[in-house]
């Protein structure tokens, strides 16, 4: 009895899926221009019907900005983009795994507001141009909050070798500091 009930429920859900309408306001929202590779390293799952863009267009948009789209929610998924008539199992799994659930507007806002990815070298050059001394940390350098705190505190009170030899004399400790953290998601 339970097996036939499950089959009937699945059949009804599938029929509903086949008969659902497309986007109700297709083309009504402006697609933002984001920074180059602003979604790089992020994994998305799209479920349901989005209101102003087709799913294929949303997938292309995510991939254009460096993101990846998969079919199923996993622990590696960063965002579940949920539209109308979305799958209950995907939203349940996303909630259980702590995956952020956003709608179409959330996706467009993410593209609009996410900074682009720059190389460590580009960031270091810009930091120096602004007159900051910088410390670069990597997730492989330290993993815990307390060890990170100790390293940063020590670094802020040090003069770099470059600082000793600039202008031919030892210079004082800079008051303008920048912390460049790479692979911070691993911390």
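The values are calculated or read from the model by the stated rules, or taken from the named source; none is laboratory data. In this text, all values refer to a predicted model and were calculated from it rather than measured experimentally. Neighbour counts run over all protein chains shown; Cβ positions are idealised from the backbone, glycine included.
Quick notes on this structure:
- Scan region 79-100 for residues that are surrounded by 17 or more Cβ atoms within 10 Å (Cβ to Cβ) and at pLDDT 80 or above and the total you get is 10.
- Check on residue 24, surrounded by 13 or more Cβ atoms within 10 Å (Cβ to Cβ) and modelled with pLDDT under 85: no
- Cβ-Cβ under 6 Å pairs, at least 6 apart or on other chains, region 1-19 side assigned by TED's automatic domain parsing to the domain that holds residue 89, far side at pLDDT 70 or above: none
- Meets criteria (in the same structural domain as residue 45 (by TED's automatic domain parsing), part of a loop (DSSP other than H, G, I, E, B), free of Cβ contacts under 8 Å to residues at least 60 places away in the same chain and touching a helix residue (DSSP H, G or I) at 6+ places or on another chain (Cβ under 9 Å)) for residue 86: no
- Among residues of region 46-75, those that are in contact (Cβ under 8 Å) with a residue 40 or more places away in the chain and within 18 Å of residue 109 (Cβ to Cβ), counted: 9
- Tallying residues that are in contact with a strand residue (DSSP E or B) (Cβ under 8 Å, 6 or more places away or on another chain) and farther than 22 Å from residue 10 by Cα within region 81-101 yields 4.
- The lone exception for residue 75 - which of (1) in contact with a strand residue (DSSP E or B) (Cβ under 8 Å, 6 or more places away or on another chain); (2) assigned by TED's automatic domain parsing to the domain that holds residue 49 it fails: (1)
- Test set (1) modelled with pLDDT of 70 or more; (2) farther than 30 Å from residue 65 by Cα; (3) assigned to a helix (DSSP H, G or I) - residue 121 fails condition number: (2)
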